[in-house]
Amino acid sequence: MHRLDPLGVLRSTSAVVRAARSVRLHAHGLDRLAETLLQRPASVPSWEHPLHWRGERHQTANYILVLDALNFCFWPEPRWRIDYRGQVYDGYWALAAALRRAIELGHPLWDASYLAALTPQRLGDILAGQGVVPLLEERAAHLREVGLGLLEHFDGHFSQAIEQAGRSAPTLVKLVAQRFPSFNDIASYRGHLVRFYKRAQLLVTDLAGAFDGRDLGEFDDLDQLTAFADYKLPQVLRYYGALVYSPHLAARIDQRNELPAGSPEEIEIRAATVWAVEEISHRLAAAGRAMPAWQIDWALWSLAQELPPDAPPYHRTRTVFY
């Protein structure tokens with residue numbers, strides 16, 4: 001362990017990486033990625049975007065919780081798309097566009113009572129676009145969980161949870177995972193619990209971005225967060241040679257065969273992703289550019305958007321966690 005690990009993500013994923021049978025880290029690829037990032041600006045993507053909605057202080061905090069409660073599994077083909085103001089979006093940006101459109105049409109997506117009563121049918125109308133958004137029932141259940149959890153524990157205001165965390169990012173991650181179980185991203189690998197907390201960690205950094213590091217977005221320990229293990233990061237890590245898959249696993253992914261959620265191979269990919277980012281962080285620091293894991297995660301995600309069409313595909317897992 002090279003740094004504080006209040007969430008237990010590094011401890012649990014390191015055990016997976018050591019025992020992994022289908023995924024390994026490769027030093028040359030890690031070096032190559034570190035060099036690539038050193039040649040790019042060190043800026044963090046801004047929350048300022050036409051699709052990101054803001055309201056009053058409490059509304060914005062609730063909205064970001066809603067956004068990240070729904071931020072998972074956009075990969076099934078044909079891709080679900082949203083046409084908003086004459087432009088077509090898919091993936092995460094389709095979600096942001098759909099939610100902004102819904103608010104403009106009068107849906108109070110920041111209101112806990114509204115969320116607690118949300119049906120799959122109504123959510124289907126909110127997310128209506130080209131194709132069908134996957135896991136609609138699960139997404140509606142997440143929003144009801146958010147609404148009920150906010151009402152039961154925080155008087156309807158996520159800002160109360162943020163304030164309870166006392167400007168500690170890991171404390172807020174754990175509180176979110178406790179009060180909103182759909183964020184409790186923990187897997188089991190050969191009898192051992194493995195902690196990832198992908199969406200809960202992303203939620204904290206989204207708050208930091210939306211509030212520009214102030215007020216409800218002010219945290220003293222963002223550097224204690226880890227990478228957000230999803231499906232885009234391992235794709236770019238594999239493309240640069242930082243992750244190497246066994247021939248059997250590589251063939252399954254290249255043939256776009258689905259990996260079951262919670263399977264050993266899927267957990268190994270996610271655990272190796274967390275540790276690849278830690279290794280890249282060490283290399284950047286040694287080169288004079290200290291970057292916390294969450295910023296490297298964002299840089300890699302941006303790099304993944306630029307991969308050529310013939311890049312190896314990302315692994316496909318139907319899951320609510322990413």
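The values are calculated or read from the model by the stated rules, or taken from the named source; none is laboratory data. Bear in mind the structure is a predicted one, so any value in this text is a computation, not a measurement. Note that we place each Cβ from the backbone using ideal geometry, even for glycine, and neighbour counts take in every protein chain shown.
Would you mind stating whether L4 is loosely packed, with under 13 Cβ neighbours inside 10 Å, touching a helix residue (DSSP H, G or I) at 6+ places or on another chain (Cβ under 7 Å) and not in a helix (DSSP H, G or I)?
Details: loosely packed, with under 13 Cβ neighbours inside 10 Å: yes; touching a helix residue (DSSP H, G or I) at 6+ places or on another chain (Cβ under 7 Å): yes; not in a helix (DSSP H, G or I): yes.
Judged against the criteria, L4 is a match.
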Residue that is farthest from F196 (Cα to Cα), among those in the range 253-272 that are part of a helix (DSSP H, G or I) and among the charged types (D, E, K, R)
D254
Boolean, G191 is closer than 21 Å to T319 by Cα, among the small types (G, A, S) and free of Cβ contacts under 8 Å to residues at least 40 places away in the same chain
yes
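Which helices (runs of 4 or more DSSP H) sit wholly inside the range 150-230 and have at least 2 residues that are closer than 22 Å to I267 by Cβ and at pLDDT 95 or above?
Fully inside the range 150-230 and qualifying: 169-179, 198-210.
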List pairs: first in the range 23-52 and aliphatic (A, V, I, L, M), second in a loop (DSSP other than H, G, I, E, B), Cβ under 6 Å, 6+ apart or cross-chain?
L30/A242; L33/Y240; L33/A242; L38/A287
Members of the range 131-149 found to be in a loop (DSSP other than H, G, I, E, B) and touching a Leu at 6+ places or on another chain (Cβ under 7 Å), listed by number:
V133
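Could you check the range 173-205 and list, in sequence order, the residues that are at positive phi and surrounded by fewer than 19 Cβ atoms within 10 Å (Cβ to Cβ)?
Kept after step one, since they are at positive phi, are these residues of the range 173-205: 190-191, 197.
R190, G191, listed by residue number.
Looking only at the range 147-188, how many residues end up being of a type in the set (K, R) and touching a residue at least 40 places away in the same chain (Cβ under 8 Å)?
Going residue by residue through the range 147-188, those that are of a type in the set (K, R) are 167, 174, 179.
Add one more test, that the residue is touching a residue at least 40 places away in the same chain (Cβ under 8 Å), and what stays is 167, 174.
Residues flagged as of a type in the set (K, R) and touching a residue at least 40 places away in the same chain (Cβ under 8 Å) within the range 147-188 amount to 2.
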Across the range 42-54, what is the number of residues that are at pLDDT 90 or above and under 16 Å from A290 (Cα atoms)?
0
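Look at the range 146-169 and say how many of its residues are small (G, A, S) and either out of contact with any helix residue (DSSP H, G or I) (no Cβ under 7 Å at 6 or more places or on another chain) or over 16 Å from V66 (Cα atoms) (or both). If you could, list the steps in order and put the result at the bottom.
Going residue by residue through the range 146-169, those that are small (G, A, S) are 147, 149, 156, 159, 161, 165-166, 168-169.
Pick out the ones that are also either out of contact with any helix residue (DSSP H, G or I) (no Cβ under 7 Å at 6 or more places or on another chain) or over 16 Å from V66 (Cα atoms) (or both) and you get 165-166, 168-169.
Number of matching residues: 4.
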Residue count, the range 236-252 (criterion: in a helix (DSSP H, G or I) and crowded, with 22+ Cβ neighbours inside 10 Å)
3
Would you mind telling me which numbered condition in (1) among the aromatic types (F, W, Y); (2) modelled with pLDDT of 95 or more; (3) not in a helix (DSSP H, G or I) W75 fails?
(2)
Applying the selection to the range 224-247, what residues are more than 17 Å from E279 (Cα to Cα) and touching a strand residue (DSSP E or B) at 6+ places or on another chain (Cβ under 8 Å)?
Y231, Y245, S246
Which one is surrounded by the fewest Cβ atoms within 10 Å (Cβ to Cβ) among residues in the range 86-130 that are within 23 Å of the chain's Cα centre (by Cα) and assigned to a strand (DSSP E or B)?
V88
When A276 is evaluated against the numbered criteria (1) closer than 17 Å to H26 by Cα; (2) small (G, A, S); (3) assigned to a loop (DSSP other than H, G, I, E, B), which criterion, by number, is the only one it fails?
(3)
Working carefully through the options A286, A293, A271, find the one that is without any contact (Cβ under 8 Å) to a residue 40 or more places away in the chain and either loosely packed, with under 15 Cβ neighbours inside 10 Å or of a type in the set (A, V, I, L, M, F, W, C) (or both).
A286
In the range 16-31, anything crowded, with 16+ Cβ neighbours inside 10 Å and not in a loop (DSSP other than H, G, I, E, B) is listed as V16, V17, V23, L25, G29, L30, D31
Selection from the range 32-43 of residues under 22 Å from A242 (Cα atoms) and in a loop (DSSP other than H, G, I, E, B) yields Q39, R40, P41, A42
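Name the residue that is nearest to D220 (Cα to Cα), counting only residues in the range 4-41 that are at pLDDT below 95 and out of contact with any Ser or Thr (no Cβ under 9 Å at 6 or more places or on another chain). Working first, answer last.
Taking the range 4-41 first, the residues at pLDDT below 95 are 4, 40-41.
After this cut, where a residue has to be out of contact with any Ser or Thr (no Cβ under 9 Å at 6 or more places or on another chain) as well, the list is 4, 41.
Working: L4: 14, P41: 24 Å.
For the range 4-41, the residue satisfying everything is L4.
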